[in-house]
Amino acid sequence: MLSVNVGSPVPTAHSDFPTTSIDKRPVTGPVEVAAPGPRGTTPTGLRGDSISDVKHHGGPDQAVYAYAREDLDRWAAELGRELTGGVFGENLTTQGLAVTDALIGERWRIGDEVVLEVSAPRIPCRTFAGWLGEPAWIKRFTVQAAPGAYLRIVRPGTIRAGDPVEVVHSPAHDVTVGVAFRALTLEPDLLPRLLAAGALPEPTKEKVRARLRPPGSSASPAP
């Protein structure tokens, strides 16, 4: 893992909230990782990190956000600008880990203590677009389909830059972060596959069920 990144609120004109904490910066030394409370009640899973838009971000299913350095490098080449670790709002900038190919429900051990579980892809929003300041950013980020991964905390502990990341559990399905992202944004024909990923957040699964219901049908109990 290249860096652990945290952020503090700064003013923004690109959100329903007056501030954003998307500007994450690498920190040195150990960082405590612990599961946050329900969305809207506590910061992220990293001590010293902040969330401004607590209505749409945070909570146990979005406790930590990871993005691959390899994907940042591809964006840096395309945009012609330097992209430092944390600039996409990620808490963990990884290296040598295929984040887009990670399975929903896959578990990562970081260092000696912490275990995280892949929960969902990141969906770009106007705050992200405003922060990057790139033309048609949401569309471009969506088409690239390398969204990074949200993670929930299975085992708390302490992490630091340079800690190894090891995949310690792979679930028995084929729904990756990339497949989930494409299903939710670009390729609705993939939506039925998402219900096989038991670790997908329940609100996301309910959105999938709703989109799969025939027009005019009533909601049925969740499987």
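Where a number appears in this text, it was derived from the coordinates with a stated rule and is not lab data. Since the structure is predicted, the reported quantities are computational estimates derived from the model, not experimental observations. Methodologically, a virtual Cβ is constructed for each residue, glycine included, from the backbone with ideal geometry; neighbour enumeration extends over all protein chains shown.
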* To do: Have a look at Glu90, Glu78, Glu117 and point out the one that is among the charged types (D, E, K, R), within 15 Å of the chain's Cα centre (by Cα) and over 22 Å from Pro26 (Cβ atoms).
  => Glu117
* Before we move on, is Arg74 closer than 14 Å to Gly148 by Cβ, out of contact with any His (no Cβ under 6 Å at 6 or more places or on another chain), of a type in the set (D, E, K, R) and not in a loop (DSSP other than H, G, I, E, B)? -> yes
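Identify, please: which residue in region 145-161 is β-branched (Val, Ile, Thr) and touching an Asp or Glu at 6+ places or on another chain (Cβ under 6 Å) and is, among those, surrounded by the most Cβ atoms within 10 Å (Cβ to Cβ)?
Residue satisfying both the conditions and the ranking: Thr158.
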* To do: Determine if region 61-73 includes at least one residue that is among the aliphatic types (A, V, I, L, M), farther than 23 Å from Ile110 by Cα and without any contact (Cβ under 8 Å) to a residue 24 or more places away in the chain.
  => no
* To do: Six or more apart or on different chains, Cβ under 6 Å: which pairs go from a residue in region 175-202 that's under 11 Å from Gly105 (Cβ atoms) to one that's of a type outside the set (A, V, I, L, M, F, W, C) and in a loop (DSSP other than H, G, I, E, B)? Could you list them?
  => Ala196/His173; Ala197/His173; Ala199/Gly105
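Select from region 90-99 the residues that are under 20 Å from Phe141 (Cβ atoms) and either surrounded by fewer than 23 Cβ atoms within 10 Å (Cβ to Cβ) or touching a Cys at 6+ places or on another chain (Cβ under 9 Å) (or both) and list them in ascending order.
Selection gives Leu97, Ala98.
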